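Every number in this text was worked out from the coordinates using simple rules, so none of it is lab data. Values in this document were obtained by computation on a predicted structure and should not be read as measured data. Methodologically, a virtual Cβ is constructed for each residue, glycine included, from the backbone with ideal geometry; neighbour enumeration extends over all protein chains shown.
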Amino acid sequence: MALIKGETGDWEMVIGLEVHAQVSSQAKLFSGAPTEFGADPNTQVSLVDAAMPGMLPVINAYCVEQAVRTGLGLKAQINLHSVFDRKNYFYADLPAGYQISQYKQPVVGEGVVVLDMKDADSREVGIERLHLEQDAGKSLHDQHPTQTYIDLNRAGVALMEIVSKPDMRNADEAAAYLTKLRSILRYLGTCDGNMEEGSMRCDVNVSVRKPGGELGTRCEIKNVNSIRFVKQAIEYEARRQIEVIEGGGKIVQQTRLFDSHKGETRSMRSKEEAHDYRYFPDPDLLPLVLAQDFVDGIKATLPELPDDKKARFVKDYGISVYDAGVMVAERETAEFFENVAKGRDPKLAVNWVMGDFFAMLNRRGLAIGDSPIKANQLGQLIDLIKDGTISGRIAKDLFIMMEESGKDPAVLVEEKGLKQVTDTGAIEAAVDQIIAANPDKVEQYRAKPTMLGWFVGQVMKSTGGKANPASVNELLKKKLDG
Amino acid sequence: MSKPTDLTIADMTAALAKGAISAVELTEAHLAAMETHRGLNAYITETPARAREMAKASDARRKSGAVGPLEGVPLAIKDLFCTEGVLTTAASHILDGFKPTYESTVSSRLWQAGAVMLGKTNLDEFAMGSSNMTSHYGPVENPWKRRGDNRKLVPGGSSGGSASAVAARIAPGATGTDTGGSIRQPAAFCGLVGMKPTYGRCSRWGIIAFASSLDQAGPITRTVKDSALMLQAMAGHDPKDSTSAPLAVPDFVAACSRSIKGLKIGIPAEYRVDGMAPEIQALWDKGIAMIRDAGAEPVEISLPHTKYALPTYYIVAPAECSSNLARYDGVRFGLRVPGKDLIEMYENTRGAGFGKETRRRILIGTYVLSAGYYDAYYKKAQQVRALIARDFTDAFKKCDAILTPTAPSAAFAMGEKMDDPVTMYLNDVFTVPSSLAGLPGISVPGGLGADGLPLGLQVIGRAYDEETVFAVGAALEKSAGLSLQPEGY
């Protein structure tokens with residue numbers, strides 16, 4: 001457990017997260033307007049989104065399906081009866097003067113997320129609830145010296161608000177929770193998890209207490225938009241609260257915002273200034289009633305989720321828990337790995353995927369789907385190593401050539417003549433030549449047998465790396481010792 | 001043939017079919033009468049150009065043989081229905097200059113049925129009122145006068161403009177909306193037939209919302225058959241309104257000629273309120289006698305939670321209105337009164353844009369929904385509302401329809417009942433319970449009161465059983481045998 005040292009002893013953080021995840025859907029929650037990111041301002045706005053007089057919301061069944069799918073992926077209770085409420089407040093980018101949300105009866109109840117921690121001890125974080133709600137529009141304060149512009153493209157877009165229990169005790173756990181939640185959402189295809197585009201945003205609730213003591217007063221940090229910032233915000237906020245308490249002050253329940261430039265949180269409004277949202281059931285919408293068959297139908301089509309996949313990888317492929325965790329973090333990576341590992345040495349597959357392959361993607365800034373080297377090609381490369389066609393050293397060069405040309409490894413081996421030389425005669429000739437040319441090194445070897453490595457290197461160099469290292473070793477030893 | 005403006009909708013369709021009159025002639029007659037009676041202030045916006053254009057198109061359709069059920073019939077539309085390209089005000093200053101780019105489902109169904117739009121009728125601001133005195137565009141006058149008394153009377157509300165127009169023969173029929181009695185009460189005050197169908201029967205899409213769980217569109221006409229004709233065209237499921245019922249629309253016109261022999265008609269004891277005007281009691285007794293004459297059997301029933309209906313309504317309706325009217329903020333359409341910042345702009349715009357009654361209801365609604373009061377008011381009101389609905393369910397085990405007076409009095413004079421809003425709210429005492437229960441109700445003229453003013457009888461039916469309501473309404477109409485026409489129209 002990570003505690004923070006204060007002047008009066010150790011402190012423990014208590015963290016809960018509210019994640020707003022944009023539902024992957026072509027249309028908005030209550031209108032047919034499109035949801036594509038990056039369109040020109042106010043080009044994706046229906047009469048309903050603009051709250052024109054007389055307009056009425058109609059629920060988008062696909063968004064409901066996505067919420068249920070997410071609930072099932074979080075192993076959560078699905079509420080067959082839920083209710084949409086109005087959350088009333090005035091703001092220029094909230095056209096109706098209320099947001100349609102679910103307050104007392106959300107569509108999804110309690111669930112759980114298992115965190116993959118580096119120390120291999122997995123932790124569970126409880127899900128309190130998931131509900132559907134509308135996003136607001138966007139106020140653009142920086143487009144005009146005295147006026148604010150409003151873009152309603154986002155207005156009415158479906159969000160899932162996923163509320164965790166206050167089960168996290170440090171910033172790393174919060175980061176692991178977000179990472180895992182995003183991974184699950186992406187596996188399910190219910191949210192693209194893209195925090196830069198705002199399709200996943202996070203409100204962070206932080207309080208501090210003496211370890212095991214009574215819960216402290218919490219502060220909520222609104223709208224933090226990257227996992228790194230979430231960690232920074234939590235660490236800053238916990239330190240701030242400890243300083244206030246140890247300085248004899250009291251924590252005031254308030255809403256704060258995170259300034260990513262300064263790395264600090266600042267007060268937005270206190271509890272007293274908090275809105276009275278006057279929630280009440282939206283009379284324009286009937287209660288959302290789901291049939292058990294509908295839920296079961298979605299359940300039947302759920303993909304294998306990261307936790308299950310990870311367990312299977314450990315069991316079926318015999319790879320380490322940590323490696324399995326890395327392989328399943330993204331659905332595409334897991335698929336890629338399985339295509340490489342199937343029928344081959346899984347450990348070699350993991351090493352290649354996590355090593356040269358990931359390094360190549362990073363270097364090129366590519367997503368796995370855009371890789372110039374496909375899974376079957378990487379598999380073929382491993383096959384060539386395994387059957388002795390190429391050496392491990394050549395394999396690294398060959399990987400670079402594949403990356404640059406996109407060609408199959410066997411084709412490149414043929415074209416470039418990379419085939420490993422196992423012909424003892426050819427290797428012997430090279431060995432003899434090196435020994436003859438370096439009598440001083442031979443002397444040195446007699447005194448220090450580890451010099452063998454130098455000779456191996458020279459032979460490999462003279463054969464262009466194609467000599468079978470085992471044969472080279474064997475022959476050198478025989479000649480030098482004999 | 002009588003004056004074209006005296007024709008009922010049914011007469012018009014017959015005359016048009018025979019070729020006795022053209023849609024253009026009918027429309028011109030009405031446009032001329034509208035001009036003559038502009039003093040009633042029944043219309044906020046007259047649309048003569050559109051009317052002529054639609055009438056011409058209707059005559060052309062008739063020539064080509066494509067005739068809708070309301071082909072060529074000119075109608076007025078309450079100015080709460082959004083009409084494409086035509087000023088739509090809800091009788092509020094805050095909607096200044098608002099011309100929707102869309103047409104409400106109900107009005108577009110009327111146009112599809114061949115009807116012609118004469119204009120947009122006046123109403124209480126955002127349909128909040130029972131006298132049509134709260135309109136930003138000024139009060140509407142009832143064409144009826146008390147015998148020997150020249151004071152101007154209110155037409156009732158909120159669909160006061162629609163009722164005044166139909167009574168004054170400057171429209172044969174008009175749309176109304178009813179939240180707590182806004183179709184039935186003005187129909188009663190003006191000697192007309194006003195039908196509020198079951199909540200969910202007509203689409204609310206494109207109707208400016210007052211209280212979403214109560215608002216329902218319906219027709220105001222001079223006869224029960226006309227009411228059925230109009231509702232037939234207006235009703236039906238609309239996927240754009242989640243609360244509209246996915247049910248087929250029955251044949252309402254046929255229902256009007258159904259016999260009511262053997263039907264049990266409930267007479268609720270609780271509607272005999274203290275201090276009820278003798279003429280209202282007499283009217284009700286007359287109604288019971290007419291029902292009996294038609295072969296139906298009056299039965300005593302009890303609706304025990306009736307006395308809670310008005311207080312319940314005046315929590316639920318303002319609560320919904322406080323939220324529904326939040327969109328009038330000066331940002332996107334209508335009136336904007338600038339301010340030094342966003343908050344001040346809101347305050348200036350809403351302060352100037354909403355009238356007194358609307359502001360009162362927004363404040364009440366905001367209060368009853370606020371933290372700490374929600375349970376005591378809004379939640380309690382919803383619970384009572386459920387009890388009121390259950391009263392009706394229980395009553396309908398014993399009867400097929402319920403007969404009551406429509407309003408506790410005849411039309412009153414402008415300026416009367418204006419000092420205390422609660423006195424005004426009492427106008428809806430007989431109409432509000434069925435609104436809270438979402439049930440269909442019709443007001444049919446039952447007779448004239450002591451001052452010579454028309455009085456209305458209300459028939460309430462089971463949910464989605466407008467047919468029985470029409471049948472009983474038509475029987476009352478036939479039995480009453482009234483020929484109501486205000487003097488001078």
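What FRET efficiency would be calculated for the residue pair B:T45, A:E304, taking the C-beta separation as r and a Förster radius of 45 Å, to the nearest 0.05?
Values: r = 63 Å, r/R0 = 1.40.
After rounding, the FRET efficiency stands at 0.10.
Once amide H atoms are placed 1.01 Å from N in the peptide plane, what residues at a sequence separation of 5 or more from A:A33, or on another chain, have their amide H within under 5 Å of its amide H?
Long-range HN contacts for A:A33: A:K28, A:S46.
Multiplying the sequence separation of A:T179 and A:H144 by 0.36 nm and subtracting their Cα-Cα distance, what value in nm do you get?
Once the chain is fully extended between A:T179 and A:H144, it gains 8.8 nm.
Considering only Cα-Cα distances, which of the following residue pairs are longer than 21 Å: A:K87/A:K138; A:K396/A:K479; A:K75/A:K310; B:K356/B:K380?
From the list (A:K87/A:K138; A:K396/A:K479; A:K75/A:K310; B:K356/B:K380), the Cα-Cα distance tops 21 Å for A:K396/A:K479; B:K356/B:K380.
Could you work out, residue by residue across A:54-64, how many beta carbons of other chains sit within 10 Å of that residue's beta carbon, and then give the average as an integer?
Mean partner-chain Cβ count within 10 Å for A:54-64: 4.
I need the calculated FRET efficiency for the pair A:R123 and B:D394, taking r as the beta carbon distance and R₀ as 45 Å, to the nearest 0.05.
Working from the Cβ atoms, E equals 0.20.
Return the distance in nm (one decimal) between the two label points of a simple spin-label model at A:T217 and A:K448, each offset 7 Å from Cα along Cα→Cβ.
Here the answer is 7.0 nm between the modelled labels.
Can you list the HN-Hα couplings for the stretch B:374-384, worked out from phi with the Karplus curve (6.51, -1.76, 1.60; θ = phi - 60°), rounded to whole Hz and with x for Gly and Pro?
With coefficients 6.51, -1.76 and 1.60, one gets 3, 5, 6, 10, 4, 5, 4, 4, 5, 5, 5 Hz.
Please give the length that would be gained between A:V244 and A:N376 if that part of the chain were fully extended, namely 0.36 nm times their separation in residues minus their C-alpha to C-alpha distance (nm, one decimal).
Numbers: separation 132, 0.36 × 132 = 47.52 nm, distance 5.82 nm.
Separation in residues times 0.36 nm, less the Cα-Cα distance, equals 41.7 nm.
Where does each of B:R327, B:R222, A:R201 land when they are ranked from fewest to most other beta-carbon atoms within 10 angstrom?
In order of increasing Cβ crowding within 10 Å: A:R201, B:R327, B:R222.
Take the alpha carbon atoms of the stretch B:273-300, find their center, do the same for the stretch A:375-392, and report the distance between the two centers in whole angstrom.
Spelled out, the Cα-based centre of one part sits 98 Å from the other.
Roughly how many nanometres apart are two label points built 7 Å out from the Cα toward the Cβ at B:A248 and A:D408?
The answer from the label model is 6.5 nm.
Tell me which GluC sites (Glu not before Pro) from the stretch B:442-489 have a DSSP coil assignment and no more than 12 other beta carbons within 10 Å of their own.
B:E487
Sort B:Y43, B:Y271 so that the residue with the fewest other Cβ atoms within 10 Å of its own Cβ comes first and the one with the most comes last.
Arranged by neighbour count, lowest to highest, B:Y43, B:Y271 become B:Y271, B:Y43.
At what distance in angstrom do the alpha carbon centres of the stretch A:454-482 and the stretch A:65-125 lie from each other?
One Cα centre to the other: 64 Å.
Using R₀ = 56 Å, calculate the FRET efficiency as 1/(1 + (r/R₀)^6) where r is the Cβ-Cβ separation of A:D10 and B:K380; round to 0.05.
My answer for the efficiency is 0.70.
So if I take the centroid of the Cα atoms in the stretch B:51-95 and the same for the stretch A:1-51, what is the distance between those two points in Å?
45 Å
So if each residue of separation counts as 0.36 nm, and I subtract the Cα-Cα distance between B:A282 and B:N150, what length gain in nm does that give?
Answer, rounded to one decimal: 45.0 nm.
What are the principal axis extents of the Cα atoms in the protein assembly as shown, in Å, biggest first?
Sorted from largest, the Cα extents of the protein assembly as shown read 141, 77, 60 Å.
Scan around B:G119 for amide H atoms under 5 Å from its own, H built in the peptide plane at 1.01 Å from N, and keep only partners 5 or more places away or cross-chain.
Excluding prolines and chain starts, which carry no amide H, the hits are B:T47, B:I77.
Give the long-range amide H neighbours of A:L115: residues separated by 5 or more places, or on another chain, with amide H under 5 Å away, using H modelled in the peptide plane at 1.01 Å from N.
A:R123, A:E124, A:V125
Return B:I267, B:I288, B:I315 ranked ascending by Cβ neighbour count within 10 Å, so the fewest neighbours appear first.
So the ranking, lowest neighbour count to highest, is B:I288, B:I267, B:I315.
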